[in-house]
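Just below is one structure, and these are the notes that go with it.
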Amino acid sequence: MKIAVVEDDPEIRSALSTMLTQRLGYPKPSVFGDGTSLVKAIASDHLSFDLIIMDYRMPEMNGIEAARIILRHRNGIKVVLITGYDVKEEAESAGMIYLQKPFSIEALTTIIQQVNLAMHS
């Protein structure tokens, strides 16, 4: 499974990447510091991901705005919005999976497993 982590906080970005590889055994994810760079990578570099784990509040555009652009062009990608903000309805109406911060490794693992099962069914 090709995963991207989009988070402007370098410590959280690193922790998510480490958790995905060392704790859950996934290949090293592609990491981005903001939604704009992810949108550019998908649009111009033709990168493709199965799952994007994205923060809500980031510079330039928030995670929901970035996801709307991405899903308009690649609607098969699953996007998990991780945030401490109460934007569940907005995230879900944009086609995202909402995960409230702080969250447990188990909660994120469950979502990843559900995405993985859906991809292979």
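The values are calculated or read from the model by the stated rules, or taken from the named source; none is laboratory data. Everything numeric in this text was worked out from a predicted model, so none of it was measured. Here Cβ is always computed from backbone atoms with ideal geometry, including for glycine, and neighbour counts include all displayed protein chains.
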Q) Consider Asp86 against the criteria (1) assigned to a loop (DSSP other than H, G, I, E, B); (2) in contact (Cβ under 8 Å) with a residue 12 or more places away in the chain: it satisfies all of them except one. Which criterion is unmet? A) (2)
(Q) Against the condition over 18 Å from Ile3 (Cα atoms), under 14 Å from the mean Cα position of the chain (by Cα), surrounded by 20 or more Cβ atoms within 10 Å (Cβ to Cβ) and not acidic (Asp, Glu), how does Met58 come out, does it pass? (A) yes
Q. Among the residues of region 38-58, how many are closer than 23 Å to Thr18 by Cα, part of a loop (DSSP other than H, G, I, E, B) and not aromatic (Phe, Trp, Tyr)?
A. 5
Q. Is there any pair linking a residue in region 10-33 that is under 15 Å from Phe49 (Cβ atoms) and touching a residue at least 60 places away in the same chain (Cβ under 8 Å) to one that is in a helix (DSSP H, G or I) and not β-branched (Val, Ile, Thr), with Cβ under 7 Å and at least six apart or on different chains, and which?
A. Tyr26/Leu20
Q.
Filter region 77-121 down to the residues that are over 20 Å from Leu38 (Cα atoms) and basic (Lys, Arg) and list them by number.
A. Lys88, Lys101
Q. Which one is surrounded by the most Cβ atoms within 10 Å (Cβ to Cβ), of the residues in region 84-95 that are in contact with a helix residue (DSSP H, G or I) (Cβ under 8 Å, 6 or more places away or on another chain) and at pLDDT below 95?
A. Ala94
Q.
Could you check region 20-37 and list, in sequence order, the residues that are touching a Ser or Thr at 6+ places or on another chain (Cβ under 9 Å) and either modelled with pLDDT under 95 or assigned to a loop (DSSP other than H, G, I, E, B) (or both)?
A. Arg23, Leu24, Pro27, Lys28, Pro29
(Q) Could you go through region 42-52 and let me know if any residue there is surrounded by 13 or more Cβ atoms within 10 Å (Cβ to Cβ) and among the polar types (S, T, N, Q). (A) no
Q) Given the conditions (1) modelled with pLDDT of 95 or more; (2) under 25 Å from Gln22 (Cα atoms), which single one is not true for Ile64? A) (2)
Q. Does Leu71 qualify as being of a type outside the set (Gly, Ala, Ser), more than 21 Å from Leu16 (Cα to Cα), in contact (Cβ under 8 Å) with a residue 12 or more places away in the chain and assigned to a helix (DSSP H, G or I)?
A. yes
Q.
I need every pair where a residue in region 98-112 that is touching a residue at least 40 places away in the same chain (Cβ under 8 Å) has its Cβ under 7 Å from the Cβ of a residue that is surrounded by 14 or more Cβ atoms within 10 Å (Cβ to Cβ) and part of a helix (DSSP H, G or I), sequence separation at least 6 or different chains.
A. Ile105/Met19
